Amino acid sequence: MRLRPTAFLLCLLLAPALRAEDGYRLWLRYDRVSNDLLRAAYVAALPRVDLAVPSGHTNPVTTAARDELREGLAQLLGGEVPVRVVRQDDPGLLPPPEGYRILTAAKAPLRIVANEDAGILYGAFALLRALEMQRPAGELSALSAPRIQRRLLDHWDNLDGTVERGYAGRSLWNWFTLPDYLDPRYRDYARACASVGINGAVLTNVNADPLALTAPYLAKAAALAGVFRAYGVRVYLTARFSAPIELGGLKTADPLDPGVIRWWNAKADEIYHLIPDFGGLLVKANSEGQPGPQDYGRTHADGANLLAEAVGRHGGIVMWRAFVYRAGASDDRTKQAYEEFKPLDGKFRDNVLLQIKNGPLDFQPREPFHPLFGAMPRTPLALEVQLTQEYLGGSIYLAYLAPLYKEVLDADTFRPTAGSTVAQVVDGTLDHHRLSAMAGVANVGADRDWTGHPLAAANWYAFGRLAWDPGLGSDAIADEWIRQTFGNQPEVVTTLSALLLGSREVVVDSMMPLGLHHIMARDHHYGPGPWVDGGRADWTAVYYHRASTEGVGFDRTATGSNALAQYSPEVARAWGDLATCPDGLLLWFHHLPWDYPMHSGRSLWAEVCTRYQRGVDGVRTEKRQWESLRNMVDPERWAHVEALLQREERDAAFWRDSCILYFQQFSKRPIPPGVERPAHPLDYYEAVQLHDVPGSPDSR
Ligand code: BDP
């Protein structure tokens with residue numbers, strides 16, 4: 001069809017307005033600074049930008065920084081700002097590794113000074129962030145360096161393009177077209193990571209496919225590494241422990257077998273030949289059916305050291321996961337990792353990190369911190385958190401997770417003394433470790449907006465910022481993200497900030513309040529399933545909530561599983577004593593009668609009901625907050641979030657009604673006033689089946 005000239009003209013004129021806001025640009029929007037005075041002040045403060053590194057050379061990293069700045073500044077300021085790479089020869093100015101310093105002086109070029117090329121990149125993004133946030137032109141100088149060394153995204157991506165627990169479409173990596181076609185998206189992924197300081201990506205699922213370590217797939221990984229390198233992002237892979245059998249044709253994968261040792265050494269040589277800056281291997285072993293050293297009567301340390309030896313010769317590391325549990329191995333699944341790993345403290349090679357989930361169970365909406373963080377001073381411990389919302393409503397629910405990450409980072413282990421936080425364990429300062437790492441299970445996929453929920457990219461952002469500096473506040477991070485993603489209008493910033501900051505607690509209330517945990521539906525984990533029973537006990541809900549006519553909750557005090565004994569005496573005392581145990585962990589640690597008097601003055605039963613109602617009310621408040629932004633947010637993202645909040649409200653009511661009816665069978669008490677009555681009987685809720693829930697292969 002040919003357009004008539006007038007129609008063509010009209011299209012051109014309308015083009016910017018018609019371009020749908022699809023979220024692709026994330027927080028790297030670089031929209032022109034709308035305040036003319038401020039823009040003029042920036043132009044005056046930035047006659048030129050000098051990127052100063054010791055070598056003074058351009059290379060892929062400094063070039064990436066320079067290009068990002070040129071492009072970003074041109075868009076933000078509406079005119080070109082010269083950017084050049086220069087030699088930094090004043091050692092007094094040099095910040096720590098990967099850190100940067102931004103120096104301003106009247107009528108002189110702004111200087112970004114770094115010790116390493118990556119620092120220049122981080123400084124460049126920090127400068128762009130400051131402008132996007134409309135910081136005063138006189139306040140652009142800065143000094144910053146990461147507290148944690150390896151800041152990694154773990155992708156649970158399968159080679160067939162599916163993503164385990166992924167809710168944002170298929171995998172970003174198109175393994176079939178790699179290594180030939182390099183989707184421009186790979187570069188944008190790396191830009192986004194670098195902009196928040198993420199410096200590594202584990203490309204493959206922890207439930208590992210040995211194929212990933214074959215020559216053709218290593219070539220594909222090398223191609224991705226080639227794109228990421230300029231952005232300071234190193235590639236890592238997961239290793240299947242039995243790969244010497246599956247790929248090498250060996251009879252065993254015994255870590256002490258000389259043939260196995262030779263095989264891994266040769267494999268490491270092959271990897272490093274293709275990817276000289278390969279970061280290392282992440283391993284899930286002897287957990288949920290994965291093979292591991294225990295299959296041969298060896299320990300986790302034997303297994304980790306085998307791989308660490310192989311990659312260590314090339315400067316690589318091994319991240320060995322502590323997420324292990326076996327059916328019937330203990331009276332309490334949450335105790336198992338500690339029981340297995342604590343005795344191995346000091347037994348790992350120095351290039352092994354033990355990677356521990358934030359809590360002892362599995363990424364529930366709220367868990368206490370993992371007891372291993374206070375138990376292995378001679379081993380560097382990496383913190384693993386989930387960005388993808390496996391247990392928090394996938395990409396349907398709004399859950400800003402910085403408060404969850406902060407809860408664990410700020411937790412006091414009291415080992416060896418008060419004031420020894422998980423953050424200090426993880427950043428290596430408490431026990432003087434050379435290595436430190438924090439990993440986030442990624443929430444990105446091939447969806448156009450990367451994360452499926454238009455507000456879920458805040459978790460990608462927050463993860464990176466907290467891994468850089470665990471001391472940052474959830475509110476400060478939300479403020480940064482909102483201003484860059486939705487602009488600086490005060491009503492938008494204030495309202496959206498309140499919305500984000502309250503959202504995780506709303507999800508806790510609507511799904512698993514008061515320390516209830518693991519009461520979601522089987523397999524796909526979306527929606528309630530307090531009635532889930534039968535089969536392997538520690539995969540059921542009844543194992544965790546222990547509801548009976550006597551009461552509800554898992555007794556983990558000395559009268560029960562005594563999981564509390566895995567914490568320092570101070571922590572165990574505080575959580576073990578009903579007077580000081582926070583409401584949020586009450587039923588995690590205690591089994592209590594339904595008429596137990598809560599701090600609120602209500603009985604436990606009434607409190608459970610009230611919290612579920614509070615969850616629904618919380619979503620309604622979120623809807624009102626979002627509604628008030630209707631004309632201040634672009635229509636596409638506004639409508640998308642609005643629709644998801646509608647769904648979340650319906651789901652929250654479903655959680656409330658089904659859980660209250662289920663527990664009422666035991667409490668035998670009426671639903672208290674102020675709590676809405678369920679629309680259906682319990683069997684209605686129990687019969688609802690979901691099919692093909694994303695991220696779960698078992699949902700049919
Ligand atoms: C659980 C997930 C499962 C993962 C496992 C893990 O349900 O898909 O493989 O964690 O972390 O949360 O290994």
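The values are calculated or read from the model by the stated rules, or taken from the named source; none is laboratory data. The model shown is predicted, which means the values in this text are computed figures rather than measured ones. Backbone-built Cβ (ideal geometry, glycine too); neighbour counts: all protein chains shown. These accessible areas exclude ligands, DNA and RNA; they are computed on the full protein's heavy atoms, side chains included. Shrake-Rupley method; radii C 1.70, N 1.55, O 1.52, S 1.80 Å.
Things to note:
- Residue in segment 633-648 that is in a loop (DSSP other than H, G, I, E, B) and either in contact with a Leu (Cβ under 6 Å, 6 or more places away or on another chain) or surrounded by 20 or more Cβ atoms within 10 Å (Cβ to Cβ) (or both) present: yes
- Taking the criterion of being surrounded by 18 or more Cβ atoms within 10 Å (Cβ to Cβ), more than 20 Å from residue 274 (Cα to Cα) and either within 15 Å of the ligand (Cβ to nearest atom) or assigned by TED's automatic domain parsing to the domain that holds residue 125 (or both), the residues of segment 172-207 that qualify are 205, 206.
- Checking residue 461 against (1) open to solvent by 20 Å² or more (accessible area, probe 1.4 Å); (2) of a type outside the set (Val, Ile, Thr); (3) in the same structural domain as residue 401 (by TED's automatic domain parsing), the condition it does not meet: (1)
- Scanning segment 98-137 for residues that are open to solvent by 40 Å² or more (accessible area, probe 1.4 Å) and either in the same structural domain as residue 194 (by TED's automatic domain parsing) or part of a helix (DSSP H, G or I) (or both) yields a single hit, 117.
- Options 61, 49; residue that is more than 22 Å from residue 147 (Cβ to Cβ) and assigned by TED's automatic domain parsing to the domain that holds residue 30: 49
- Condition met for residue 219 (away from the ligand (no atom under 16 Å from the Cβ) and either at pLDDT 95 or above or farther than 22 Å from residue 438 by Cα (or both)): yes
- Selection within segment 324-362 - within 16 Å of the ligand (Cβ to nearest atom) and without any contact (Cβ under 8 Å) to a residue 60 or more places away in the chain: 324, 326, 336, 337, 340, 341, 354, 356, 357, 358, 359
- Residue in segment 391-406 that is outside any strand (DSSP E or B), out of contact with any Cys (no Cβ under 9 Å at 6 or more places or on another chain), of a type in the set (A, V, I, L, M, F, W, C) and open to solvent by 10 Å² or more (accessible area, probe 1.4 Å) present: yes
Residue-by-condition table, conditions (1) outside the structural domain of residue 165 (by TED's automatic domain parsing); (2) over 17 Å from the mean Cα position of the chain (by Cα):
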residue	(1), (2)
418	no, yes
447	no, yes
470	no, no
484	yes, yes
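- Residue that is least open to solvent (accessible area, probe 1.4 Å), among those in segment 243-281 that are closer than 18 Å to residue 294 by Cα and acidic (Asp, Glu): 254
- Filter result for residue 316 (assigned by TED's automatic domain parsing to the domain that holds residue 234, small (Gly, Ala, Ser), within 14 Å of the ligand (Cβ to nearest atom) and open to solvent by less than 10 Å² (accessible area, probe 1.4 Å)): no
- Residue 68 being modelled with pLDDT of 95 or more, open to solvent by less than 50 Å² (accessible area, probe 1.4 Å) and charged (D, E, K, R): yes
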